[in-house]
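Just below is one structure, and these are the notes that go with it.
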């Protein structure tokens, strides 16, 4: 394996109606929104993180397609971890999805 990627996802809840009333600027833990990293609506305090590492096929000369394969594999693995009970380290039961769905009710 010559290259790998690490992909981190943060799950956050944005209160209804926030819109432009509470814009947050890109910063260390809030990278911005969309491909151009623009400011966007602020999120509530609850947040959950998950991350995976993926090898990039192609040895020492990976192509853009090889990186796309690694990114697709990361997305598939993150989805599995989101929806599979006990799959995220630290979870003994339930799913990460169930936890983040509770953010809108004020649950941590």
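Summary of computed values
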item	result
Residue count for the range 95-108, restricted to those that are modelled with pLDDT of 90 or more and assigned to a loop (DSSP other than H, G, I, E, B)	0
Residue selected from the range 61-94 under the condition modelled with pLDDT of 95 or more and not in a helix (DSSP H, G or I), by the criterion nearest to residue 5 (Cα to Cα)	62
Members of the range 47-61 found to be crowded, with 16+ Cβ neighbours inside 10 Å and touching a strand residue (DSSP E or B) at 6+ places or on another chain (Cβ under 7 Å), listed by number	48, 50, 52, 54, 56
Residue within the range 42-50 that is under 24 Å from residue 98 (Cα atoms), modelled with pLDDT of 90 or more and assigned to a strand (DSSP E or B) present	yes
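The values are calculated or read from the model by the stated rules, or taken from the named source; none is laboratory data. None of these values were measured; they are calculated from a predicted model. Every residue, glycine among them, receives a Cβ derived from its backbone with ideal geometry; neighbour counts consider all protein chains shown.
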